[in-house]
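Visitor: Please see the structure below; I have some questions.
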Amino acid sequence: MSNVIYIFAAAAACAAYTATLPPPPWQSQSRGPTSSFEITSYVASVAPLLDASTRRAIATLLASNQPPVQALTLIQAARWRSAVSAATAPWHLAPDDAAGAGAHLAHNLDALGAHLDLTTTATNAPLSLSETLDAMRLLDDLKHRAADPADPLTDLSRYTLLYRLRGAPMTVFWWAQTCYRRQQFDRAERLLHFLIADGNPDGFSKGNAHHFLGHLLFFDREQLDEAFVHFLSVQKYPACLVFSAYAYVHAAAILRKMNMPIHALALLAVDVPCLEFEQVAFTRHWRSAVLRIQCRDYTNAVRHLQSALVLQNSRSNEVFGLYRMIPDASHIWDAVATQRWSLADANAAIEAALTNRWDTPDDQLFLDALLHDWPAQEDIPLHIATNRVLNNNIFPRRVRTLHGVNHLTQGE
């Protein structure tokens, strides 16, 4: 047992059984935990109040790299023991009996599945309970620094222990996002670079950080080559699916600025399932129509506009604004009305780019992003497709099959 726990033990020995342990913060909101950081924070806050047996069990659990969500069962059992008097024998829980507490959590775990584990990648170097408390103190220190706009955040290397605290990297990401939205770009960039470092095993925070670095470099600094690399790096990680979908759109906008319409069209042809699918898909088809018009491919421009209108009929003014720019648009519209844009058309757009000379800021990453075969929107489980917390890339990576193209990756 760590020295930290023994320090707390003497003062808290009686408190563990004479006072009810505080409930988790989500209980009062009638919900389950939404992140492993929220769980770990609660575990750390009640650890000094727990009996030695429970503390040992939690320390063993953390040392063996088990998800911190499992500690809730042990704490709930301890809460019940501290709240129920010895006279109420029928309600007594033996020190090792956590079955009742486990049942109490079952409905939350059923709803979330293994998502709490998937969204906070396990490390090969689990924290002891003592190290967990140290990491929590570091996280609290960084929280205050991130909230201070006068702090340049230039010495983040001393916080690398946070890479091993489940949920902490995503918490740092939210702080970086807040700095960005407040236009504190230098501070946001330093936090984001902290997250994309090789030492961070948390793919969710890393992928999301790549998205916002791309956003910052493209929209705020116009550093197109670097932004392109960050945007197309998002799809390599289990990041937010909305960020992944928009990363393709933004990378395509960069290629359009570089006068590479065929390659931009290929990125816009990639369907990434996400919570905002209809909005993203409308944008992809509308921008594809713009590029097709520029290439004088009026037939496919109209087909893109028809698809956009089906996705979001309320934006018909935008659709017909482009429609009026197409020569003989009404005849084309009628002629292709029964030839809706399909997966075969998307694959053809991708193949057209990959069989042309590549001259992107990162050709290998461009190839990797285009050959990423995402699940169809309708194949996404409903609890993921409709839940913003769970709407993340947790799918096994598949490679798109294109005639005459996939051989390009062989031998690499």
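Visitor: Restricting attention to region 192-204, does a residue exist that is touching a Ser or Thr at 6+ places or on another chain (Cβ under 9 Å), under 26 Å from ASN347 (Cβ atoms) and in contact (Cβ under 8 Å) with a residue 12 or more places away in the chain?
Guide: Within region 192-204, not a single residue is touching a Ser or Thr at 6+ places or on another chain (Cβ under 9 Å), under 26 Å from ASN347 (Cβ atoms) and in contact (Cβ under 8 Å) with a residue 12 or more places away in the chain.
Visitor: Which of the residues that make up region 171-198 are polar (S, T, N, Q) and within 18 Å of ALA227 (Cβ to Cβ)?
Guide: GLN177, GLN183
Visitor: Which one of the conditions (1) crowded, with 21+ Cβ neighbours inside 10 Å; (2) basic (Lys, Arg); (3) farther than 14 Å from SER342 by Cα does ARG315 fail to meet, given that it meets all the rest?
Guide: Every listed condition holds for ARG315 apart from (1).
Visitor: For region 24-75, name all the residues that are surrounded by fewer than 21 Cβ atoms within 10 Å (Cβ to Cβ), outside any loop (DSSP other than H, G, I, E, B) and either acidic (Asp, Glu) or touching a Lys or Arg at 6+ places or on another chain (Cβ under 8 Å) (or both).
Guide: Across region 24-75, the qualifying residue is only GLU38.
Visitor: Something else about it: Based on what the data block shows, is ASP148 of a type in the set (Asp, Glu), within 22 Å of PRO33 (Cβ to Cβ) and either out of contact with any strand residue (DSSP E or B) (no Cβ under 7 Å at 6 or more places or on another chain) or loosely packed, with under 14 Cβ neighbours inside 10 Å (or both)?
Guide: Against the criterion (of a type in the set (Asp, Glu), within 22 Å of PRO33 (Cβ to Cβ) and either out of contact with any strand residue (DSSP E or B) (no Cβ under 7 Å at 6 or more places or on another chain) or loosely packed, with under 14 Cβ neighbours inside 10 Å (or both)), ASP148 does not qualify.
Visitor: Could you go through region 228-247 and let me know if any residue there is surrounded by fewer than 20 Cβ atoms within 10 Å (Cβ to Cβ) and farther than 22 Å from VAL270 by Cα.
Guide: no
Visitor: So, one more: Quick check on my filter: what residues within region 355-395 are under 24 Å from MET258 (Cα atoms), of a type in the set (A, V, I, L, M, F, W, C) and modelled with pLDDT under 90?
Guide: Once the filter is applied, which keeps residues that are under 24 Å from MET258 (Cα atoms), of a type in the set (A, V, I, L, M, F, W, C) and modelled with pLDDT under 90, region 355-395 yields only TRP358.
Visitor: Also, I was wondering about something else. Of the residues ALA264, ALA247, ALA289, which is in a helix (DSSP H, G or I) and in contact with a Lys or Arg (Cβ under 6 Å, 6 or more places away or on another chain)? Give the derivation first.
Guide: Working: ALA247 fails: in contact with a Lys or Arg (Cβ under 6 Å, 6 or more places away or on another chain); ALA289 fails: in contact with a Lys or Arg (Cβ under 6 Å, 6 or more places away or on another chain).
From the options ALA264, ALA247, ALA289, the qualifying one is ALA264.
Visitor: Take the residues in region 329-360 that are outside any helix (DSSP H, G or I) and hydroxyl-bearing (Ser, Thr, Tyr); name whichever of them is surrounded by the most Cβ atoms within 10 Å (Cβ to Cβ).
Guide: THR360
Visitor: Moving on. With LEU382, LEU371 as the choices, which residue is surrounded by 15 or more Cβ atoms within 10 Å (Cβ to Cβ) and not aromatic (Phe, Trp, Tyr)?
Guide: Step by step, each of LEU382, LEU371 is checked, and only LEU371 is surrounded by 15 or more Cβ atoms within 10 Å (Cβ to Cβ) and not aromatic (Phe, Trp, Tyr).
Visitor: Could you identify the single residue in ILE384, ILE326, ILE332 that is within 23 Å of PRO273 (Cβ to Cβ) and β-branched (Val, Ile, Thr)?
Guide: ILE384
Visitor: Of the numbered conditions (1) within 31 Å of the chain's Cα centre (by Cα); (2) surrounded by 17 or more Cβ atoms within 10 Å (Cβ to Cβ), ASP363 satisfies every one except a single condition; which is it?
Guide: Among (1) within 31 Å of the chain's Cα centre (by Cα); (2) surrounded by 17 or more Cβ atoms within 10 Å (Cβ to Cβ), ASP363 violates only (2).
Visitor: Of all residues in region 161-212 being modelled with pLDDT of 90 or more and of a type in the set (Ser, Thr, Tyr), which is surrounded by the fewest Cβ atoms within 10 Å (Cβ to Cβ)?
Guide: Restricting to residues being modelled with pLDDT of 90 or more and of a type in the set (Ser, Thr, Tyr), the top hit is THR178.
Visitor: Pull up region 221-232, narrow it to residues that are assigned to a helix (DSSP H, G or I) and either in contact with a Leu (Cβ under 7 Å, 6 or more places away or on another chain) or at pLDDT below 95 (or both), then point me to the one that is farthest from ASN393 (Cα to Cα). So that I can check it myself, show each step before the final result.
Guide: Step one: of region 221-232, the residues assigned to a helix (DSSP H, G or I) are 224-232.
When the remaining residues are screened for being either in contact with a Leu (Cβ under 7 Å, 6 or more places away or on another chain) or at pLDDT below 95 (or both), the result is 226-227, 229-230, 232.
Working: GLU226: 23, ALA227: 21, VAL229: 19, HIS230: 17, LEU232: 14 Å.
That would be GLU226.
Visitor: Give just the number: which of (1) part of a helix (DSSP H, G or I); (2) within 23 Å of GLY321 (Cα to Cα) does ARG296 not satisfy?
Guide: Going through the list (1) part of a helix (DSSP H, G or I); (2) within 23 Å of GLY321 (Cα to Cα), ARG296 breaks only (1).
Visitor: Identify the residue in region 222-241 that is out of contact with any Gly (no Cβ under 9 Å at 6 or more places or on another chain) and touching a residue at least 24 places away in the same chain (Cβ under 8 Å) and, among all such residues, is nearest to ASP363 (Cα to Cα).
Guide: The selected residue is ASP225.
Visitor: Need pairs with beta-carbon distance below 7 Å; first residue without any contact (Cβ under 8 Å) to a residue 24 or more places away in the chain and within region 312-339, second assigned to a helix (DSSP H, G or I) and surrounded by 10 or more Cβ atoms within 10 Å (Cβ to Cβ); sequence gap 6+ or separate chains.
Guide: SER316/LEU309; TYR323/LEU305; TYR323/ALA329
One line per residue, one yes/no per condition, for (1) among the hydroxyl-bearing types (Ser, Thr, Tyr); (2) modelled with pLDDT of 90 or more:
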| residue | (1), (2) |
| --- | --- |
| ARG303 | no, yes |
| LEU309 | no, yes |
| SER314 | yes, yes |
| MET325 | no, yes |
| ALA329 | no, no |
| VAL336 | no, no |
| GLN339 | no, no |
| LEU343 | no, no |
| ALA349 | no, yes |
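Visitor: How about region 274-310: which of its residues are farther than 12 Å from ILE332 by Cβ and of a type in the set (Ser, Thr, Tyr)?
Guide: THR283, SER288, SER307
Visitor: Surrounded by fewer than 16 Cβ atoms within 10 Å (Cβ to Cβ), modelled with pLDDT of 50 or more and closer than 24 Å to PRO33 by Cα, is that true of ASP155? It would help to see each step written out before you state the result.
Guide: Details: surrounded by fewer than 16 Cβ atoms within 10 Å (Cβ to Cβ): yes; modelled with pLDDT of 50 or more: yes; closer than 24 Å to PRO33 by Cα: no.
Taking the combined requirement at face value, the residue does not satisfy it.
The values are calculated or read from the model by the stated rules, or taken from the named source; none is laboratory data. Predicted model only: the values in this text are computed from it and were never measured. Using ideal geometry, Cβ is built from the backbone for each residue, glycine included, and neighbour counts are taken over all protein chains shown.
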